[in-house]
Amino acid sequence: MDFTEHVAKRLLSRHGITTPASILLAADWPITDLARAIATFEGRPVAVKAQVPAGGRGKAGGVVLTADPLSTITQMGGNKLGDHTINQILVEEQVDITHELYLAIAVDGSSGGPLLMFSSEGGVDIESSNTPLTTMTLPIGASPDASELAAVLADAGCPQPVDEVAAVAARLFDAFVDADAELLEINPLAITAKGNVVAVDGKLTVDDSAVGRQEKLAAQSSAPPVTGLEAKAAEHDLRFIELDGSVGVLANGAGLTMTTMDAITHYGGRPANFLEIGGDAYTLAVPALEVVLANPKVRSLIVNFCGAFARCDVMTGGVIDAWKTLEPDIPVFFSIHGTGMDEARDMVRRELGAEPFEYMDDAIRAAVAAATNGDSLPSDSVSNDSLSNKTNDSGAQS
Ligand code: GDP
Ligand code: MN
């Protein structure tokens, strides 16, 4: 689970790390409410910050330093930053930064425990910086020793006040453990003109398996943007991604689905979705088909099954039941191979009056042709045999 800056900063603040005075605004507030809210800063310079769960906002115009925030806020609100629409804006008292540090704790892939990461040169250019990150493996059960932290930080070129930065690192560890975090990052951790240490940014990723015991945090997580269809699919635990094309895809297993999508593209079509169905998911054939077909861009459907442990006849049975329930008005093309394929192909012939294709390529080419040409198939695109793949009166084949 990913979180926006203000959620991360609230966690930091709860653990005694200084963050700037701030207010959180909803972009759709009436302008009078926005004006009243920012009046609390009494004209002092502020940072106006788009709350989207992505980094690099500074370079993309999502962080604006200004003494006149109202116009910035109204401009920023509702705009897109990358894939994310800006619905919330954090306005913060500007920090007088003299030095930017990088400080983070992440789960270390090799040890499985927390790893402290530090650079004396933090800020927006951290990725291209020549200063290497200093890392330190932290204990799992106990808090790290503050003087040990201070020694490591000093060695890594941390400017004064080192002890205060070490204290922030120790608090960061507590916050990291408290939140079941995978990553808790402060970039920049600023040293101010007055010598204070302030978290100017915050990034938090929480372990997905900790949702159960992080209910309060989970409620504030920023899920990636989903379409209505994707949300409906998620209700059924189907992994579905809506795409721009017109060929609906139903295949078993993520690998075969990707292969099918690639082949669609190879033959000049465009897939309308990614959807994983198969194995146990055959019982979900009705919601799966519903989701695929509810996409108005879909003009043909390719069903591509390759049976191994998951039997083709079982999966195909689910699709046929769903097809009869939904009676979709588009042509469907079957490619069925592997365990249970003879039974499955017979079912398609018997129940839908369609002829499954001998080769996956031909099935996919036919689906592409049907989606792109509407009513006619180029004569060279499929074998004659395949042209009998007709499922209903409005089917694309003749
Ligand atoms: P990010 O680009 O998404 O990581 O957003 P940040 O919150 O890190 O902001 C980008 C950069 O803007 C920071 O690295 C700072 O250099 C700068 N910045 C942000 N807030 C302030 C502030 O209050 N004062 C000053 N001087 N700079 C700021
Ligand atoms: Mn940052």
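Return the ratio Rg/(2.2 N^0.38 Å) for the stretch 21-93, where Rg is computed over Cα atoms only. Don't skip to the end; give the middle numbers.
Numbers: Rg = 11.2 Å, N = 73, 2.2 N^0.38 = 11.2 Å.
After normalising by residue count via 2.2 N^0.38 Å, the value is 1.00.
Out of the chymotrypsin sites (Phe, Trp or Tyr not before Pro) in the stretch 240-340, which ones are loop residues according to DSSP with at most 10 other C-beta atoms within 10 Å? Display every interim value, and only then the final one.
Working: sites: 240, 267, 274, 282, 305, 309, 323, 333, 334; in loops: 267, 309.
Those that pass, being in a loop and sparsely packed, are 309.
Obtain the nm distance between the two label points defined at residue 227 and residue 14 by a simple spin-label model: each point lies 7 Å from its Cα along the Cα-to-C-beta direction.
Simple spin-label model gives 3.7 nm for this pair.
Among DSSP beta bridges whose residues both lie in the chain, state the antiparallel percentage, nearest 5.
75 percent
How much length would be gained if the chain were fully extended between residue 213 and residue 29, taking 0.36 nm per residue of separation minus their Cα-Cα distance, in nm to one decimal? Please report the intermediate quantities before stating the final value.
Values: separation 184, 0.36 × 184 = 66.24 nm, distance 3.26 nm.
Separation in residues times 0.36 nm, less the Cα-Cα distance, equals 63.0 nm.
For residue 21 and residue 125 in the same chain, what is the full-extension length gain: residue separation times 0.36 nm, less their Cα-Cα distance, in nm?
On the way: separation 104, 0.36 × 104 = 37.44 nm, distance 2.50 nm.
Additional length available on full extension: 34.9 nm.
Angle check, please: helix 162-178 long axis (alpha carbons) against the longest principal axis of the chain (alpha carbons), in degrees 0 to 90, nearest 10.
So the helix axis and the longest Cα principal axis differ by about 40 degrees.
For the chain, find the longest principal axis of its Cα atoms and tell me its angle to the long axis of helix 254-266, 0 to 90°, nearest 10.
Tilt of helix 254-266: around 70 degrees.
If I histogram all Cα-Cα distances within the stretch 97-218 using bins 10 Å wide from 0, what percent of pairs lands in each bin?
Here the calculated profile for the stretch 97-218 is 14, 46, 32, 8, 0.
Find the lysine pairs in the chain meeting two conditions, Cα atoms under 16 Å apart and a separation of 8 or more places or different chains, and report how many there are.
Numbers: 9/49; 9/203; 9/216; 49/59; 49/80; 49/203; 59/80; 324/390.
Close lysine pairs found across the chain: 8.
Taking the Kirkwood radius as the inverse of the mean 1/r across Cα pairs, report the Rg/Rh of the stretch 228-387. Let's see the in-between values first.
Values: Rg = 14.0 Å, Rh = 15.1 Å.
Taking Rh as the inverse mean 1/r over Cα pairs, Rg/Rh reads 0.93.
Taking the chain as a Gaussian network, where each spring joins two C-alpha atoms under 10 Å apart, which residue of 373, 87, 187 fluctuates the most?
Comparing 373, 87, 187 in the GNM, the peak value goes to 373.
When the Kirkwood radius is taken over all Cα pairs of the chain, what Stokes-Einstein diffusion coefficient follows at 37 °C and 0.692 mPa s, in µm²/s?
Working: Rh = 24.6 Å.
In µm²/s, the coefficient rounds to 133.
So for the pair residue 147, residue 358, with labels modelled 7 Å out along Cα→Cβ, what separation do we get in nm?
8.2 nm
Measuring from label point to label point, each 7 Å out along Cα→Cβ, what is the residue 87 to residue 235 span in nm?
1.8 nm
So if I place +1 on the C-beta of Lys and Arg and -1 on the C-beta of Asp and Glu, and nothing else carries charge, what would the dipole magnitude of the chain be about its Cα centre? I want it in debye, nearest 20.
Numbers: 26 positive and 54 negative charges, 154 e Å.
The dipole magnitude comes to about 740 debye.
Taken together, the values in this text are just the output of simple stated rules run on the coordinates, not laboratory data. These numbers were taken from a predicted model, which means no experiment stands behind them. All Cβ positions, even for glycine, are placed from backbone atoms using ideal geometry, and neighbour counts span all protein chains on display.
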